[in-house]
Every structure is written in C-alpha cells, then in structure tokens.
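Just so you know, all these numbers are worked out from the coordinates, no wet-lab data involved. Note that the coordinates shown come from a computational prediction; the quantities given were computed from them, not determined experimentally. Reconstructed Cβ throughout: ideal geometry from the backbone, glycine too, with neighbour counts over all protein chains shown.
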Ligand code: ATP
Ligand code: MG
C-alpha cells in the first residue's frame, strides 16, 4: 500500500525589494527538499503579488478579500515589506502587521544562531557554540497603537503626543508559558525575562509579577529577570549564559536585531510569527527588511529566509527535515560560500545552489 504524500499548502508573499529574491531562494530550497523526500511530502505554492508595487498600481497593499484567501493555508512564507516611496505606516500596517494581528500570531520566535565560517563581531573562541532564541510578545505591549497626537490641542510649548503600551495578564502569561515550554525542548533549560520595570512602573511590573507566577509552574527551568539595558550588554558580553529570552514587543524587536548583528548579519536571522493554537496560519519570514540599497542586484543573503523555512518545517511537524535544512546552511557557510554582507563575494544564486547541493549530497 502506498500512502499519499503529505501536501503542505503554502501562501508565498515575497512583497518588496530583497523579499522577492530571498523568497524565490527559499522556495527553490524547499522544493529541492521535497523532491528528495522520496514522495513523503510535497509543497503546493500559491504566490500573492501584494506589497508596495501593488499599492502603487491599485492603492491597496493587499486585496480586500486577502485575509479570507489566506486563512486556509498551512502557512504563509513572507519576504519583506516596505519601500522608500510608500510611508511605513501604510506598507507595514497594510500587509504584514495586518496579517500578524488578524491571524493572532502572538508569539514571534527569533533564534540567534552563530554559523561556522561567519565572523561575528564578538570574535569569541567558541562563537559557533552560541545560540539562543528571542521570544517576542507580538500582539500588544508598546506596539498596541494606543495614544494620539495633539491631545488637548497645542499648548505654548507646541504639540504633545502620547504613546502608551498595553500589557494584559493573559497576553503576558501566554507568551511566558510559550517561552518556558520552548526552554524545556532545549539543552539549557533557562528563561531570561526582560523589562524596564525600574522605570516603567505599571505594565512592566505586571509583566514581572506574571513571570514570577508562571515560573513557579516550571521548577525545572532556571530563570532570571534582567533590565533591557543590562540585557543589551549581556548579549555582547555573556551570550553563553542565554537560552530563551522573553521580552515585550519593542524590547524583543531591538534585542533580536542586536542578536542577528552579533551573529554576523541581519541577513542571517530567521523568524516565525506563530498562532500557537493553530486556528489561523502562522507566518515565516526573515528578520530583515526589504533592503532597498541592495535590492534587485542578486546580492541578498538568502540564509535568513531559508532558516525561516526550517522553522516552518518544524511547525509542520517535520523536525528532521528542519535539521537537514539547518545542516545545509552550516555546510554552506563553513565552505565559505558567503554573500557580501558576511564578507564573501557569492551571489544569492550561488548560495542557493550551494544549499541545494548540500541537501542532496
Ligand atoms: P525594516 O524597517 O523593514 O526593518 P530596515 O530599514 O531596518 O528595514 P533592512 O531593509 O533590513 O532595514 O536593511 C538594513 C541593512 O541590512 C541594509 O544595509 C541592508 O542592505 C542589509 N540587509 C538586510 N537584509 C539583507 C540580506 N538579506 N542580505 C544582505 N544584506 C541585508
Ligand atoms: Mg528593522
């Protein structure tokens, strides 16, 4: 008896700039993986042309029924959104954040992974042993969009704007449980919680309270609470002490960019926007933006996008395939096949080909 291959339906949204180049690379690598699986699984793709170019033609970042068309896919594979000709609040909110919020993708997972053959600015002897994960609260916090401008009109001192942050017990608790559960799957069972609760006395103090309460349910997991300024220093000075770092939307956004820069380049960093309840599709995308300065020149590093594809495979319940993809990444960088951002001369296409070759050896 033959069993039908498991087919995963993926919506590809390359969107803007290098997003288009790295999504094409990721798709090629995933298709090579499926072709080499002996028929065990397959990917069925549908590509959506949304993004800033689409906005300039139609006045919309995505179709009106876009969310409806996405909601039954097994996953969304995203490139990058944003272009200098379209204001960020239109491009970001009209596509990427709209998907994140509508599909309740409240957990954003951003591994920081040091690779052989890539020189880190840290230059620690054991660089390649370093890897930790930033878990970002992705639905509230500082990016809740609360506040306004010109509140109370213009006073003698000019305009006043207020930007508030929203912290809920439910929102804090679910991201922390997610972080603790993730820590239990890792060699080092440790969760570091990050706030600025010495200076922000409401939301972040709630965060600290909930962290202590949730931690009590995970006695086997080591914990620490660190202020974000101290954690920035720790990323640089003692990264070997980190395993899972959980932080609010803004703090984790900044820390994960720092982490990817330490690993060698923003172009290496992968991420997953998860709806852990699986009521809606989750979205997998590199951390970097559309990189207008290098877009369209074949220079983009595809590793962040390919690493995001590995996170997607884990989400599909294919951890062995995810590991194969990560091994192919390590083999490629170790062989010195590197794009310009990590000190090499290889084109996007060369790295993609090397990744595919490393998979099928
Ligand atoms: P966003 O606002 O969308 O986060 P950004 O303005 O922070 O974007 P990016 O578009 O991520 O910036 O680019 C920041 C820098 O990193 C640029 O110099 C860009 O060339 C470089 N960069 C980003 N992605 C890649 C990549 N995949 N390969 C090589 N370099 C990259
Ligand atoms: Mg950025």
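Of all DSSP beta bridges confined to the chain, the antiparallel ones make up roughly 40%.
Put the Cα centre of segment 239-264 next to the Cα centre of segment 307-350 and the gap is 20 Å.
Treat the count of other C-beta atoms within 10 Å as a stand-in for reagent exposure and order 164, 248, 290 from fewest to most. Mind showing how you got there, number by number?
Details: 164 12, 248 28, 290 23.
Arranged by neighbour count, lowest to highest, 164, 248, 290 become 164, 290, 248.
Taking label positions 7 Å along the Cα-Cβ direction at both residue 37 and residue 224, the computed distance is 4.0 nm, reported to one decimal.
For the chain, what is the convex hull (Cα atoms) projected area averaged across all directions, in square nanometres? Let's see the in-between values first.
Details: hull surface 83.0 nm².
Projected over every direction and averaged, the Cα hull of the chain covers 20.7 nm².
Computed over the chain, the per-residue total of -39500 (n - 2.57) for DSSP H runs of n ≥ 4 gives a 222 nm mean residue ellipticity of -11500 deg cm²/dmol, rounded to 500. With the alpha-carbon atoms of segment 165-226 aligned to their principal axes, the span from lowest to highest coordinate is 33, 21, 17 Å, starting with the largest. Taking other Cβ atoms within 10 Å as a rough exposure proxy, 160, 134, 342 sort from fewest to most as 160, 342, 134.
Could you please rank 170, 214, 245, 18, placing first whichever residue has the fewest other Cβ atoms within 10 Å of its Cβ?
Numbers: 170 11, 214 22, 245 28, 18 32.
In increasing order of surrounding Cβ atoms, one gets 170, 214, 245, 18.
Build a GNM of the chain with springs between Cα atoms under 10 Å apart, and of 102, 120, 225 the one that fluctuates most is 102.
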